Amino acid sequence: MRAPPLLYPLLLLLLLATSAYSWKKEEFRNCNQTPFCKRARSRKPGSCNLHATDVSISDGDLIAKLVPKEENPESEQPNKPLVLTLSAYQDGVMRVKIDEDQNLNRPKKRFEVPEVIEEDFLNKKLWLTRVKEEEIDGVSSVVYLSDGYEGVLRHDPFEVFVREKSSGKRVLSINSNGLFDFEQLREKKEGDDWEEKFRSHTDTRPYGPQSISFDVSFYGADYVYGIPEHATSFALKPTRGPDMEEFSEPYRLFNLDVFEYLHESPFGLYGSIPFMISHGKARGSSGFFWLNAAEMQIDVLGSGWNSNESSNIMLPSDKQRIDTLWMSEAGVVDAFFFVGPGPKDVVRQYTSVTGRPSMPQLFATAYHQCRWNYRDEEDVYNVDSKFDEHDIPYDVLWLDIEHTDGKKYFTWDRVLFPNPEEMQNKLAAKGRHMVTIVDPHIKRDESYHIHKEASEKGYYVKDATGKDYDGWCWPGSSSYVDLLNPKIRSWWGDKFSLDSYTGSTQYLHIWNDMNEPSVFNGPEVTMPRDALHHGGVEHRELHNAYGYYFQMATSNGLLKRGDGKDRPFVLGRAFFAGSQRYGAIWTGDNTAEWEHLRVSVPMVLTLSISGIVFSGADVGGFFGNPETELLVRWYQLGAYYPFFRGHAHHDTKRREPWLFGERNTQLMREAIHVRYMYLPYFYTLFREANSSGTPVARPLWMEFPGDEKSFSNDEAFMVGNGLLVQGIYTERAKHVSVYLPGDESWYDLRSGFAYKGGQTHKYEVSEDSVPSFQRAGTIIPRKDRLRRSSTQMENDPYTLVIALNSSQAAEGELYIDDGKSFEFKQGAFIHRRFTFSNGKLTSSNSAPTSAGNDRFSSECTVERIILLGLSPGAKTALVEPGNRKVEIELGPLFIQGNRGSVLTIRKPNVRIADAWSIQIL
């Protein structure tokens, strides 16, 4: 949410009025205006002169010193040795840390990002007991990583890589091109001028340049993906190289409030995750993560980028690889190598480090209705009743900043919202919830209790002189809570208690916007880099993690509010590695344009493979007024986003689904109905993500890792392993090309017709849906009876859609729990596995046997079983236990809209929680 406030001092108003409605390139730094990036890019391959010495094993780690082979008398940098630590962990994860020597005098300790790495991961460290020395291309030290892989430290010139034990082929490496550089902290001396200026802002840089850069190589890779957040293609394009035609700027990771952002740009947006995954047909997948919260710039180096260099770089014999250059302003090297070899393996390994995604409440996976702003309680009740009047389900109504008393969070405008608790309770009576916004900027008003307490306790971020930092945001003069401090996070969390947050109820959930943090008068609309946090940490060192700590504190506050019983729902905009543990993320202030609809898919996919599995884009576009066809198409695609929310700027025309004529209302209603039908499937997928990290929305190659045609396809995506969705991205489209991967068929969800896999089909476009298909060999659970909200569907019966493959077989799963609590962690859930083989459908228990299995039960039954691709001739089926015969007849594929005519077993009336079988006769 972004636009200039109405009542600011004139100078600030003029500043913002020229910038708040469009992205202006000159307001943000490029690489040449960013000294650490410019320096790193200027280095030549082989310029690193460090070598490893004093290699030993200590406390289960390989330890070495990195020292220069020769002194450089012209260098301003001290030539103190660096310390390298190499650690191995279970499941093929290697960690490499490089820092200044703790035993030498240093101006201060370099910042290491706290509370991102999971404690469970740290407990899975493999205790290295010996190191093997090799004499291949110089001396190397080799350690065990897993049964199939080894970690290698090459001594001179220094290089670290992972290789396959059997073949010796490399998987990942650091410094193979000799681009490593580490600028050490210095004490300022008389005459030193380290200040950096950008536009009207000056950064004092009290410890001098402290950047780190190095090259990372991915072997056997055709493409690399990840490093959100950017509005560009899913497969990352080269940013440097002789044939580079696309980008000349590196991909920037620097959390920024960017309004009306450009599509097809490497420019950094609201969040940053320094995680990259490679994929190729030759080897599969591998991944790399750098735990560093400072500004980062990353080059994807095109083929031949170093072809004109004559330096002594360390080229391996296997040259099928992608080189990248990682550059950061500050921090330490804390890098993780993930060996894969499959894409789901890499995501599992990465989320074992940064945390599995949280399990959302069921209501949060349904449809959300938002606008900046619903004006008052009358507006809320009117919107709520109109959804019922038009038979459109929804679960959550949102309130933006105007609901507060003068932009003071945790308050209500009592003229517009005089009875907030009654309002929430009335929505809750229909099974609905409310979300209010709470941003990190605190209005500097002595009558505002949050500000008064934070100021008195010293809980604000400080400026470079040690005073409370004062910046401009929605309320005007604002300060920002220092959430790096765990004590202050706990204090912040207490503000969400029902006693403290007057007018709130247990049905109220939270939206954290502007948490980059956005500062309207700050450099690049954010906090100055020399602002100070807890422990003397400069903002430059943790900037990209500020939003992470804010969402963490908010989530923990909601957890405390419910005595740890209910799962929190918190939507954030800024994010970092690990944000998946604390809630959902959306892609920010997009625009009502076809290209923004199109780029939403690669943006959601990039977040998904980077751990943020609960994400989506504002349906319809935040800025601007979408033409009706675009809005309809956005609903039809958005119904398959993991996070499904309609949202709009206050300057746009109202766009609730019933405002566009009867036919368009019907189309949007049907799109939202599709989401509610598939809620059992989505919820099952969220549990899979919670267990393994495997995303809900997946790139095609995650399910078909050997299918090269899928590697660069980001116009379509998978929902789980069973559904494929293709967006429509042009107006008045009559046909669209749809690539369906694999060897098996795909069943059109509009008609039930089977399309061959491994082919691109010219698909005739219909106005009533976007192309969507169920994969042969899958069984997908649905709930076809539609209610006002997901809560009211709780006891409704299920439909199972069986899509048979060429072997007349299929399988699928269904996960159910109470939809809100943490009881599932004690075994209070139902997890069924469905298999169809040899003409028999069987339901079996997939839940591990535990004492908690009897703590949750369901009386729901299966009322329909749809059979796609069943060989003709079947008329009846036998249900066991009970020895009952039921008829097989033609029925609709979807009850709503009466789509298709397919073989259906009606009313088998088996309980979803029981073991049973149905034999086709």
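The values are calculated or read from the model by the stated rules, or taken from the named source; none is laboratory data. Note that this is a predicted model, so its numbers are computed, not measured. Don't worry about glycine lacking a Cβ; one is built from the backbone with ideal geometry, like all the others, and counts go over all protein chains shown. SASA here: full protein model, heavy atoms, side chains in, ligands and nucleic acids out. Shrake-Rupley method; radii C 1.70, N 1.55, O 1.52, S 1.80 Å.
Structural remarks
- Only a single item in (1) touching a Gly at 6+ places or on another chain (Cβ under 7 Å); (2) at negative phi; (3) modelled with pLDDT of 95 or more is not met by Arg186, and it is number (3).
- Failed item, numbered, when Pro771 is tested on (1) at positive phi; (2) open to solvent by less than 20 Å² (accessible area, probe 1.4 Å): (1)
- Residue in the stretch 662-670 that is over 30 Å from Gln580 (Cα atoms), of a type in the set (A, V, I, L, M, F, W, C) and not assigned by the TED database to the domain that holds Val396 present: yes
- Flag for Arg41 being in contact with a helix residue (DSSP H, G or I) (Cβ under 8 Å, 6 or more places away or on another chain) and over 30 Å from Arg581 (Cβ atoms): yes
Residues checked against (1) in contact with a helix residue (DSSP H, G or I) (Cβ under 9 Å, 6 or more places away or on another chain); (2) within 27 Å of Ala584 (Cβ to Cβ); (3) among the β-branched types (Val, Ile, Thr); (4) part of a helix (DSSP H, G or I):
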residue: Leu667; (1), (2), (3), (4): yes, yes, no, yes
residue: Ala671; (1), (2), (3), (4): yes, yes, no, yes
residue: Tyr681; (1), (2), (3), (4): no, yes, no, yes
residue: Thr684; (1), (2), (3), (4): no, yes, yes, yes
residue: Gly706; (1), (2), (3), (4): no, no, no, no
residue: Thr730; (1), (2), (3), (4): yes, no, yes, no
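- Boolean, Leu236 is in contact with a His (Cβ under 9 Å, 6 or more places away or on another chain), open to solvent by 10 Å² or more (accessible area, probe 1.4 Å), within 25 Å of Val346 (Cβ to Cβ) and in a loop (DSSP other than H, G, I, E, B): yes
- Selection count where residues are over 14 Å from the mean Cα position of the chain (by Cα) and more than 15 Å from Arg698 (Cα to Cα), scope the stretch 344-358: 3
- Failed item, numbered, when Val725 is tested on (1) farther than 30 Å from Ser385 by Cα; (2) modelled with pLDDT under 95: (2)
- Evaluation of Ile392 against the conditions (1) under 21 Å from His647 (Cα atoms); (2) open to solvent by 40 Å² or more (accessible area, probe 1.4 Å); (3) in contact with a Lys or Arg (Cβ under 7 Å, 6 or more places away or on another chain) shows that the sole unmet condition is (2).
- The residues listed here are Phe363, Phe387, Phe410; of these, the one that is of a type in the set (Phe, Trp, Tyr), modelled with pLDDT of 95 or more and not in a helix (DSSP H, G or I) is Phe410.
- Residue check, Val152 over 23 Å from Ala293 (Cβ atoms) and at pLDDT 95 or above: yes
- Scanning the stretch 738-756 for residues that are under 30 Å from the mean Cα position of the chain (by Cα), part of a loop (DSSP other than H, G, I, E, B) and crowded, with 22+ Cβ neighbours inside 10 Å yields Pro741, Leu749.
- For the stretch 539-632, no helices (runs of 4 or more DSSP H) sit wholly inside it while including 2 or more residues that are open to solvent by 10 Å² or more (accessible area, probe 1.4 Å) and aromatic (Phe, Trp, Tyr).
- Restricted to the stretch 85-94, and to residues there that are open to solvent by less than 30 Å² (accessible area, probe 1.4 Å) and either touching a Phe, Trp or Tyr at 6+ places or on another chain (Cβ under 8 Å) or part of a loop (DSSP other than H, G, I, E, B) (or both), the residue that is nearest to Ser173 (Cα to Cα) is Met94.
- Residue match in the stretch 861-871 (condition: at pLDDT below 90 and under 26 Å from Met793 (Cα atoms)): no
- Any hit, the stretch 434-452, residues being acidic (Asp, Glu) and either open to solvent by 10 Å² or more (accessible area, probe 1.4 Å) or more than 26 Å from Ser504 (Cα to Cα) (or both): yes
- Here the strands (runs of 3 or more DSSP E) wholly within the stretch 802-921 that include at least 3 residues being among the charged types (D, E, K, R), farther than 17 Å from Tyr747 by Cα and open to solvent by 50 Å² or more (accessible area, probe 1.4 Å) are 884-891, 902-911.
- Among the residues making up the stretch 239-268, a single one is surrounded by 24 or more Cβ atoms within 10 Å (Cβ to Cβ), of a type in the set (D, E, K, R) and in a loop (DSSP other than H, G, I, E, B): Asp257.
- Subset of the stretch 157-169 [under 18 Å from Asp215 (Cα atoms), open to solvent by 10 Å² or more (accessible area, probe 1.4 Å) and under 35 Å from the mean Cα position of the chain (by Cα)]: Phe161, Arg163
- Among the residues of the stretch 275-297, those identified as in a strand (DSSP E or B) and surrounded by fewer than 24 Cβ atoms within 10 Å (Cβ to Cβ) are Gly280, Gly284.
- Residue within the stretch 141-156 that is under 28 Å from the mean Cα position of the chain (by Cα) and surrounded by fewer than 20 Cβ atoms within 10 Å (Cβ to Cβ) present: no
- The number of residues in the stretch 590-611 being under 16 Å from Leu631 (Cα atoms) and in contact with a strand residue (DSSP E or B) (Cβ under 7 Å, 6 or more places away or on another chain) comes to 4.
- Considering only residues in the stretch 111-127 that are aromatic (Phe, Trp, Tyr) and assigned to a loop (DSSP other than H, G, I, E, B), the one that is least open to solvent (accessible area, probe 1.4 Å) turns out to be Phe111.
- Scanning the stretch 708-737 for residues that are open to solvent by 20 Å² or more (accessible area, probe 1.4 Å), within 26 Å of Val801 (Cα to Cα) and out of contact with any strand residue (DSSP E or B) (no Cβ under 6 Å at 6 or more places or on another chain) returns Glu715, Asn721.
- Considering (1) at pLDDT 90 or above; (2) under 18 Å from Asn30 (Cα atoms), the lone condition that Gln210 does not fulfil carries the number (2).
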